[in-house]
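**Q** I am attaching a structure below and will ask some questions about it afterwards.
The values are calculated or read from the model by the stated rules, or taken from the named source; none is laboratory data. Just so it is clear, the structure is predicted and the values come from calculations on it, not from any experiment. Don't worry about glycine lacking a Cβ; one is built from the backbone with ideal geometry, like all the others, and counts go over all protein chains shown. Ligands, DNA and RNA are stripped out before the accessible areas are found, and what is left, the full protein with its side chains, is counted by its heavy atoms. Shrake-Rupley method; radii C 1.70, N 1.55, O 1.52, S 1.80 Å.
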Amino acid sequence: MLKRKNEIAIVVIAFLILFFVSQFASDAPHEYPKLLEIPWDHTPITVFVDDVNVPQHYSPTYRVQVEYALLYWETGGNLKLDFIPDFEIVDTDDADISIMWVENLEEVTGADEGVAGFCISYEVNGTYEHADIVLEVGNYQGYSWRQYGDRNMLLITKHELGHALGLAHSNDRKDIMYPAYEEMDDVNPLLLNATRPFLLVFGVGSLVVIGFLLVNWRRYKRKREHLEMELFGGDGV
Ligand SMILES: [Zn+2]
């Protein structure tokens with residue numbers, strides 16, 4: 001009984017070591033590069049949200065996601081800004097940041113596949129004079145059209161606002177400035193992000209099963225040897 005417990009303990013420890021090694025091995029040093037340290041020379045930063053000229057699949061809940069995204073950065077965001085932005089939503093299109101939606105970026109602007117939004121900033125004398133954010137409301141998966149849910153819209157908007165606040169792309173997968181929706185050609189980034197936790201659970205589950213199978217096999221082998229000893233008197237067969 002004690003032996004079996006030891007074996008289980010060894011398997012569990014081996015699995016834990018493997019798990020942590022794999023976690024650390026995949027963690028490159030995180031970088032948070034900046035396009036501009038101080039992107040806006042005034043405050044508040046005015047924002048115009050065009051929820052009138054909207055594409056067919058626009059959802060009124062998207063505007064709310066923009067408001068959440070603005071609040072996200074006003075309350076610290078990803079903690080990589082050296083300033084706390086203060087936004088003011090205005091109703092004129094000469095605002096500092098303009099946000100608009102299109103049906104599909106690939107079709108409307110010829111953007112690369114997988115790009116869900118972009119931000120074009122106009123820099124004058126080291127600060128931004130204006131930034132345009134364009135967001136798509138969905139994309140094609142194969143031939144079928146999929147509309148973005150509010151959660152995706154919030155993530156995309158937070159990311160593009162990060163660019164408008166002077167942040168470049170991070171290599172930290174957990175950071176909002178990781179280009180999860182962009183610059184990935186072959187895989188669907190939405191799908192990949194959604195399946196990552198499941199893949200991890202599946203991997204961990206497989207390891208545990210393999211561990212226990214190994215323990216059982218060793219136990220079976222010992223039992224068999226014991227039986228052979230009893231039956232054949234240890235002559236070997
Ligand atoms: Zn980006």
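**Q** Starting from the Kirkwood radius over alpha-carbon pairs of the range 45-186, derive D by Stokes-Einstein at 4 °C in a medium of 1.567 mPa s and give it in µm² s⁻¹.
**A** In µm²/s, the coefficient rounds to 84.
**Q** Per Stokes-Einstein, at 37 °C and 0.692 mPa s, what whole-number D in µm² s⁻¹ belongs to the range 47-120, with the Kirkwood radius over Cα pairs as the hydrodynamic radius?
**A** Reported coefficient: 236 µm²/s.
**Q** I'd like the accessible area for MET229, computed on protein heavy atoms only with a 1.4 Å probe and all protein chains in place. Round to 10 Å², please.
**A** For MET229, the solvent-accessible surface is approximately 120 Å².
**Q** List every residue whose amide H lies under 5 Å from the amide H of GLU123, counting only residues 5 or more places away in sequence or on a different chain, with H placed 1.01 Å from N in the peptide plane.
**A** Amide H to amide H, under 5 Å and 5 or more residues apart or across chains, GLU123 pairs with GLU129.
**Q** May I ask you to list the lysines whose Cα is less than 27 Å away from that of LYS174, ignoring any residue fewer than eight positions away on the same chain?
**A** Output for LYS174: LYS34, LYS80, LYS158.
**Q** Still on this structure, I have one more. Count the net charge of all other residues whose Cβ sits under 14 Å from the Cβ of GLN65, scoring Lys and Arg as +1 and Asp and Glu as -1.
**A** With Lys, Arg at +1 and Asp, Glu at -1, the net is -2.
**Q** Could you run the Karplus curve 6.51 cos²θ - 1.76 cosθ + 1.60 with θ = phi - 60° over the range 91-106 and give me ³J(HN,Hα) per residue in whole Hz, x for Gly and Pro?
**A** 9, 10, 7, 9, 5, 5, 10, 10, 10, 9, 10, 10, 5, 8, 5, 4
**Q** If you don't mind, another one. Which cross-chain or sequence-distant (5 or more) residues have an amide H under 5 Å from the amide H of ILE89, H modelled 1.01 Å from N in plane?
**A** VAL47
**Q** Straight-line reach from LYS3: which lysines fall under 25 Å, measuring Cα to Cα and dropping same-chain residues less than 8 apart?
**A** Straight-distance partners of LYS3: LYS221, LYS223.
**Q** On to the next question. Can you divide the C-alpha Rg of the range 4-107 by 2.2 N^0.38 Å and report the result to two decimal places?
**A** Scaled against compact globular proteins, the figure is 1.78.
**Q** Within the set of other residues whose C-beta is less than 13 Å from the C-beta of ASP51, count the net charge using Lys and Arg as +1 and Asp and Glu as -1.
**A** Neighbour charge sum, excluding ASP51 itself: -3.
**Q** Please list HIS30, HIS159, HIS169 in order of solvent-accessible area, largest first, computed with a 1.4 Å probe with all protein chains present.
**A** These residues rank, largest area first, as HIS30, HIS169, HIS159.
**Q** Residue by residue, what Karplus-based ³J(HN,Hα) values in Hz, rounded to whole numbers, does the range 29-35 have, using 6.51, -1.76 and 1.60 with θ = phi - 60° and x for Gly and Pro?
**A** x, 7, 10, 10, x, 10, 7
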